[in-house]
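Undergrad: Dropping the structure in here first, questions after.
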Amino acid sequence: MSDFFTEAVLIATVAGGIRLAVPLLFASLGEMFGQRSGVLNLGVDGVMLLGAFGGYYAVLKTDNVWLGLLVGVAIGVVFGLITAVMSVTLKAEQGISGIGIYLFGLGFSDLLFQKWVGTPLPIKAFPKINIPVLSDIPIIGEMLFRHSAVVYIAFAAVPLSMFIINRTNFGMKIRAVGENPEAADSLGVSVTKVRYATLIIGGLLAGVAGAALAIDLKIFQQNLTNAAGFIAIALVYFGAWRPLGVMGGALLYGFVNSIVLQLKTLGIIPRSWSDIAAMAPAIVTILALVIVAQRFKPPAALTKPFERGR
């Protein structure tokens, strides 16, 4: 165990935890927007898988990581729109429609992989960017300021989300629609437009999350996300529907995951325990969710379809 408490291992663990938190952070922030407007999307993992394959395949064919991320964005927007049509326009039961999208993403991403690729082939990853001056700080610089651009974008999205939710007219409409859509409608706010917008944002960020995951791992395989989309949904509750709380949950999951990986690499966790250890990040996150979420109430209109005039 003493091998774990060395400078090199601790630096690698923290840096790895930050990197592992990125897909969850993107997906959770996107889901937060949808839930704040009153729509629960259980299809996040399916969109992540489709975004992951799309991003992976684009990079495999073009060797351009940014095009891969853009493909993830496009896929996410399309499925965000599909989710909005089902949940907002058709008023389908949100849980069932979300699971439908998840199952579609799980099956279709694997089908496309088998038909178009077949054998797992490695791709290039995002290059690391060392922040001038800050990256030269001993220990801290190596932990925090020697990551790829996508990591910096993910964490920059947190204050941006805070600004949108708390300081803009659009954010005020989101909060109003999520708490009392009837009152918002009476004041001239289009509940449909707001929910469409938030679900498209959520889909976009889920697609980015999937593409970022595949490009970071430099590979695609069946069920690449390993249910990370469902963890992302749980992290919205953990974070009390607030960007900073969501970020805290994503980092918690990322750090626990990174610690487990380091312990396995060092041989501290026996191989016979590896499957049990792999469950640790999810278990810790769920326990934290149970403790924290009890203190906060969800948006009052969450999962409740809006029908004008009722």
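Readers should treat all values here as calculations from the given coordinates under stated rules, not as data from a laboratory. If you're wondering where the values come from, they're calculated on a predicted model, not measured in any experiment. Because the Cβ atoms are built from the backbone with ideal geometry, glycine has one as well, and the counts that use them run over all protein chains shown.
Undergrad: How far, in nm, would the chain grow between residue 134 and residue 5 when pulled straight, counting 0.36 nm per residue and subtracting the alpha carbon separation?
TA: Full extension of this stretch gives 44.1 nm more.
Undergrad: For residue 187 and residue 121 in the same chain, what is the full-extension length gain: residue separation times 0.36 nm, less their Cα-Cα distance, in nm? Don't jump to the answer; show the numbers that get you there.
TA: On the way: separation 66, 0.36 × 66 = 23.76 nm, distance 5.43 nm.
Length gained between residue 187 and residue 121: 18.3 nm.
Undergrad: Under a 5 Å amide H to amide H cut-off, with H placed in plane at 1.01 Å, what residues pair with residue 148 once short-range neighbours are removed?
TA: Here the answer is 129, since their amide H atoms fall under 5 Å of that of residue 148.
Undergrad: Compute the FRET efficiency between residue 93 and residue 223 as 1/(1 + (r/R0)^6), taking r as their Cβ-Cβ distance and R0 = 22 Å, and round to the nearest 0.05. Intermediate results must be reported in sequence, preceding the final value.
TA: Values: r = 25 Å, r/R0 = 1.13.
Computed FRET efficiency for residue 93 and residue 223 comes out at 0.35.
Undergrad: Oh, and also: Would you compute, from DSSP H runs of 4+ residues alone, the mean residue ellipticity of the chain at 222 nm, taking -39500 (n - 2.57) per run and dividing by the full residue count, rounded to the nearest 500?
TA: -23000 deg cm²/dmol
Undergrad: I would also like to ask the following. Quick one: Karplus J couplings for segment 210-227, per residue in order, coefficients 6.51, -1.76, 1.60, θ = phi - 60°, nearest Hz, x for Gly and Pro?
TA: x, 5, 4, 5, 5, 5, 5, 7, 6, 7, 9, 8, 4, 6, 4, 6, 6, 6
Undergrad: Per the Kirkwood formula on distinct C-alpha pairs, the Rh of segment 26-95 is how many angstrom?
TA: Roughly 12.8 Å, rounded to one decimal.
Undergrad: When a footprinting reagent is the concern and you count Cβ atoms within 10 Å, what order do 152, 102, 253, 56 take, fewest first?
TA: 152, 102, 253, 56
Undergrad: Something else about it: Compute the separation of the alpha-carbon centres of segment 193-246 and segment 27-103 and state it in Å as a whole number.
TA: After rounding, the separation between the Cα centres reads 8 Å.
Undergrad: Separate question: Less than 12 Å apart at the alpha-carbon level, and either on another chain or at least 8 residues along: which aspartates and glutamates does that give for residue 124?
TA: Cross-link targets: 63, 216.
Undergrad: Pop the C-beta distance of residue 304 and residue 167 into the FRET formula with R0 = 30 Å and round what comes out to the nearest 0.05.
TA: The computed FRET efficiency comes out at 0.70.
Undergrad: As an exercise, take the mean of 1/r over every pair of distinct alpha carbons in the chain, invert it, and state the Kirkwood radius in angstroms.
TA: Its Kirkwood hydrodynamic radius stands at 19.9 Å.
Undergrad: With contacts defined as alpha carbon pairs under 8 Å and 6 or more residues apart, what's the relative contact order of segment 23-228 in percent?
TA: 46 percent.
Undergrad: When 186, 161 are ordered from fewest to most other Cβ atoms inside 10 Å of their Cβ, what list results?
TA: Numbers: 186 10, 161 23.
Ranking 186, 161 by Cβ neighbours within 10 Å, fewest first, gives 186, 161.
Undergrad: About its Cα centre, how strong a charge dipole does the chain have in debye, to the nearest 20, once Lys and Arg get +1 and Asp and Glu get -1 at the Cβ?
TA: 580 debye
Undergrad: Based on the Cβ-Cβ distance from residue 296 to residue 266, what FRET efficiency comes out when R0 is 30 Å, to the nearest 0.05? Walk me through the numbers before you get to the answer.
TA: Values: r = 38 Å, r/R0 = 1.26.
With a Förster radius of 30 Å, E is 0.20.
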